[in-house]
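Below is one structure; the comments refer to it alone.
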Amino acid sequence: MSSFPDIEIKKITTHQLQEMKNRGEKISMLTAYDFSLAKILDSSGIDVLLVGDSASNVIHGHETTLPITLDQMISHASSVVRAVRRALVVVDIPFGSYQGNSSEALRSAIRIMKESGAHAVKVEGGAEIKESITRILSAGVPVMGHLGLTPQSIYKFGTYNVRAKDEAEANKLIEDAHLLEQLGCFGLVLEKIPASLTKKVASNLKIPVIGIGAGPDADGQVLVSHDMLGINNEFQPRFLRKYANLNDVISNAVRNYIKDVKMEDFPNNNECY
Ligand code: KIV
């Protein structure tokens, strides 16, 4: 028996995201890695859920996004897909599963789509991964690009600082953004770049541009759910707006539970059989 009410819900598609951009409606996107949180985010009306490789840091406790495997991403994505009725589910192809050659990229994308039931994949980079993107698209798999600060390249950058501040890097980003659109990507994430550059890219591209730390002129915004909900309090970049402090809420609840157990207040007569 399904745990969902039997009502018809309109699913978000890549075409609807395009229509949202065309009519000037901003797109909302958050990360999700598990069934329970994905269900809350989806029923709250989020447009896009990203099964981000940030799960490597947020869920698995790694320092970077590099160690997470394709199998782990598929496992997270399957849990999210099972929870979702409305949102478009986009899954990051993890580091080392698409950059090397286009056949491997296609295999990785197909595994994600087939084994998790997700609706699209996301990859980091521009011209360097052109063949991989083309090959994935040729199989009918929608692809979202990701430019600017691309965490899978952290050891090339050396820091998580703002990207594309100088003219050469900004010009390369603009070229890459146009290339991704020409190849057929349905959308693009721009991470941690100057707001003026985002404005330029979003107004020149037809496809939706979703920003994170990229200013107000993107066609939509994405944040890591655990950051904006205040579960993870160690990460405090300037671009992050906190909508809750769940760290405190959970901590207080757990302290109260411990106190009640120690004081033999829990369980009481009504909580027994
Ligand atoms: O993995 C992730 O969470 C992401 C977002 C930061 C866009 O790629």
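The values are calculated or read from the model by the stated rules, or taken from the named source; none is laboratory data. If you're wondering where the values come from, they're calculated on a predicted model, not measured in any experiment. Here Cβ is always computed from backbone atoms with ideal geometry, including for glycine, and neighbour counts include all displayed protein chains. The accessibility values were calculated without ligands, DNA or RNA, using every heavy atom of the protein model including side chains. Shrake-Rupley method; radii C 1.70, N 1.55, O 1.52, S 1.80 Å.
List the aspartates and glutamates whose alpha-carbon lies under 15 Å from that of Lys172, not counting same-chain residues fewer than 8 positions away?
Glu124, Glu128, Glu181, Glu191
Could you please report the charge total around Met263, scoring K, R as +1 and D, E as -1 over all other residues with beta-carbon less than 15 angstrom from its beta-carbon? Don't skip to the answer; put the middle values down first.
Details: positive: Arg255, Lys259, Lys262; negative: Asp260, Glu264, Asp265, Glu271.
Value of the local net charge: -1.
Between Ser103 and Asp265, what is the FRET efficiency for a Förster distance of 51 Å, r being their Cβ-Cβ separation, to the nearest 0.05? Spell out each step's value before the answer.
Working: r = 62 Å, r/R0 = 1.21.
Computed FRET efficiency for Ser103 and Asp265: 0.25.
Once the other residues with Cβ under 14 Å from the Cβ of Leu37 are scored (Lys, Arg +1; Asp, Glu -1), what is the net sum? If you can, show how the numbers build up before the last one.
Details: positive: Lys39, Arg82; negative: Asp34, Asp42, Asp227.
Within the 14 Å Cβ shell, the charges total -1.
Going Cα to Cα from Lys114, which aspartates and glutamates come in below 14 Å? Please leave out same-chain ones fewer than 8 positions away.
Counting by Cα, and skipping residues close in sequence, Lys114 has these aspartates and glutamates nearby: Asp71.
What is the set of long-range amide H partners of Ile27 at a cut-off below 5 Å, with H atoms built 1.01 Å from backbone N?
The answer is Gly220, Gln221.
Rounded if a/c is under 1.5, else prolate if a/b beats b/c, else oblate: with a ≥ b ≥ c from the C-alpha gyration tensor eigenvalues square-rooted, which is segment 132-259? Intermediate values should be presented prior to the final figure.
Details: a/c = 2.40, a/b = 1.90, b/c = 1.26.
The shape class here is prolate.
Report, for segment 14-242, the % of DSSP beta bridges that are antiparallel, rounded to 5.
Working: 0 of 27 bridges.
Once the DSSP bridges in segment 14-242 are tallied, antiparallel ones form about 0 percent.
Taking the Cα centroid of segment 17-93 and of segment 155-198, what is the distance between the two, rounded to the nearest whole Å?
Taking the Cα centre of segment 155-198 as reference, the centre of segment 17-93 is 21 Å away.
Taking 0.36 nm per residue of separation and subtracting the Cα-Cα distance, what length does fully extending Glu234 through Glu128 add? Don't skip to the end; give the middle numbers.
Values: separation 106, 0.36 × 106 = 38.16 nm, distance 3.32 nm.
Difference between extended and current length: 34.8 nm.
Restricting to DSSP H runs of at least four residues, report the calculated mean residue ellipticity at 222 nm for the chain, -39500 (n - 2.57) per run over all residues, nearest 500 deg cm²/dmol.
On the way: 11 runs with 113 residues, N = 273.
Value at 222 nm, helices only, nearest 500: -12500 deg cm²/dmol.
Taking every Cα atom in the chain, find the radius of gyration and the maximum pairwise distance Dmax, and write them in Å.
Just the Cα atoms of the chain yield Rg and Dmax of 20.0, 70 Å.
Net charge within 12 Å of Gly52 by Cβ-Cβ distance, Lys/Arg positive one each and Asp/Glu negative one each, not counting Gly52 itself?
Details: positive: Lys122; negative: Asp53, Asp92, Glu124, Glu191, Asp227.
Net of charged neighbours comes to -4.
May I ask you to evaluate 6.51 cos²θ - 1.76 cosθ + 1.60, the Karplus curve with θ = phi - 60°, for each residue of segment 253-270 and list the ³J(HN,Hα) values in order in whole Hz, giving x for glycine and proline?
4, 5, 4, 5, 4, 4, 4, 5, 5, 4, 7, 6, 8, 10, x, 9, 4, 6
To the nearest 0.05, how large is the calculated FRET efficiency for Lys156 and His178 if R₀ is 25 Å and r is the Cβ-Cβ distance?
Details: r = 22 Å, r/R0 = 0.89.
It comes to 0.65.
Starting at the first residue of segment 246-251, write each ³J(HN,Hα) from the Karplus equation 6.51 cos²θ - 1.76 cosθ + 1.60 with θ = phi - 60°, in whole Hz, x for Gly and Pro.
5, 4, 5, 4, 5, 4
Considering only protein heavy atoms, what is the solvent-accessible area of Ile154 at a probe of 1.4 Å, reported in Å² to the nearest 10?
10
Between exposed GluC sites (Glu not before Pro) in the chain, where DSSP calls loop and at most 10 other Cβ atoms lie within 10 Å, what's the longest gap? Walk me through the numbers on the way to the answer.
Working: sites that count: Glu8, Glu63, Glu234, Glu264.
After excluding every exposed loop site, the longest remaining stretch is 64-233.
What list of ³J(HN,Hα) values in whole Hz, one per residue of segment 74-90 in order, does the Karplus curve 6.51 cos²θ - 1.76 cosθ + 1.60 (θ = phi - 60°) give from phi, with Gly and Pro shown as x?
After applying 6.51 cos²θ - 1.76 cosθ + 1.60, I find 5, 5, 4, 4, 4, 5, 5, 4, 5, 8, 9, 10, 10, 5, 7, 9, 10 Hz.
Select from segment 165-273 those trypsin sites (Lys or Arg not before Pro) which occupy a DSSP coil region and have at most 16 other Cβ atoms within 10 Å, ordered by residue number.
On the way: sites: Lys165, Lys172, Lys192, Lys199, Lys200, Lys206, Arg238, Arg241, Lys242, Arg255, Lys259, Lys262; in loops: Lys165, Lys192, Lys206, Arg238, Arg241, Lys242.
Answer by residue number: Lys165, Lys206, Arg238, Arg241, Lys242.
How large a share of the accessible area of the chain, in percent, is made up of carbon and sulfur atoms when the probe is 1.4 Å and the other protein chains stay in place? Write down the numbers at each step before the final one.
Working: 7530 of 14250 Å².
With neighbouring chains kept in place, the figure for the chain is 53 percent.
Which whole-number value in Å² is the accessible area per residue of segment 10-104, probe 1.4 Å?
Values: 3930 Å² over 95 residues.
Spelled out: the 1.4 Å probe surface of segment 10-104, per residue, equals 41 Å².
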